[in-house]
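A quick write-up on the structure given underneath.
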Amino acid sequence: MEKLNVAIADDNEKMVEVLSKIIDQDEDLKLVGKAHNGEEICNIIKEKQPDVVVLDIIMPKVDGLSVNLKKVPSFIVVSAVGQERITEDAFDLGADYFMLKPFDNKMLLNRIKHIRRAGERRAREMNRPRQKEEE
């Protein structure tokens, strides 16, 4: 199975290290970029075209919710801010998941991998011939 390409963005250096380590240690995932602000993740998305972006909301230059995520198949928001309005904004923009910091590392990996499985199911369903409805 081909590895899932993941990029991460967080302005906290320690969090970038933690996320990098989590992704690097999983044989199904490949870390393709690390960003410390919204502007950097925009460039990584453009250049590396990751399958999934793990994204903080509050970052310098461009905040996580202002990043152009239309070019990313899937993204997961990780944030210390759990206000309902912000959570709703993230889902309105297409977030697959919203996780509050601190999060469980295993749970994050499960969420990333679930995105792959869901995408594979959708692809299979789209390629499956439609059955005729009985009259």
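So the values come out like this:
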{"read-out": "Net charge dipole size for region 1-74 [Lys, Arg +1 and Asp, Glu -1 on Cβ; Debye, nearest 20]", "value": "260"}
{"read-out": "Cα-centred dipole magnitude for the chain, charges only on beta-carbon of K, R (+1) and D, E (-1), debye, nearest 20", "value": "420"}
{"read-out": "Helical contribution to [θ] at 222 nm, DSSP H n ≥ 4, -39,500 (n - 2.57), averaged over the chain, rounded to 500", "value": "-13000 deg cm²/dmol"}
{"read-out": "Tilt relative to the chain, helix 38-48 - C-alpha long axis, 0 to 90 degrees, to 10", "value": "40"}
{"read-out": "Heavy-atom accessible area per residue - region 1-109, 1.4 Å, Å²", "value": "55"}
{"read-out": "Calculated FRET value between residue 2 and residue 46, using beta carbons and R₀ = 35 Å, to 0.05", "value": "0.95"}
{"read-out": "Label-point separation, residue 68 to residue 28 (7 Å along Cα→Cβ), nm", "value": "3.1"}
{"read-out": "With Cα atoms, 0 to 90° folded angle of helix 105-127 axis to the chain main axis", "value": "30"}
{"read-out": "Accessible-area value, residue 2, 1.4 Å probe, nucleic acids and ligands omitted, Å²", "value": "150"}
{"read-out": "For the chain, with +1 on Lys and Arg beta carbons and -1 on Asp and Glu, the positive-most of 91, 41, 72 along the dipole", "value": "72"}
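The values are calculated or read from the model by the stated rules, or taken from the named source; none is laboratory data. What you see is a predicted model, and the numbers here were worked out from it, not measured in a lab. Here Cβ is always computed from backbone atoms with ideal geometry, including for glycine, and neighbour counts include all displayed protein chains. Ligands, DNA and RNA are excluded from the accessible area calculation, which covers all protein heavy atoms including side chains. Shrake-Rupley method; radii C 1.70, N 1.55, O 1.52, S 1.80 Å.
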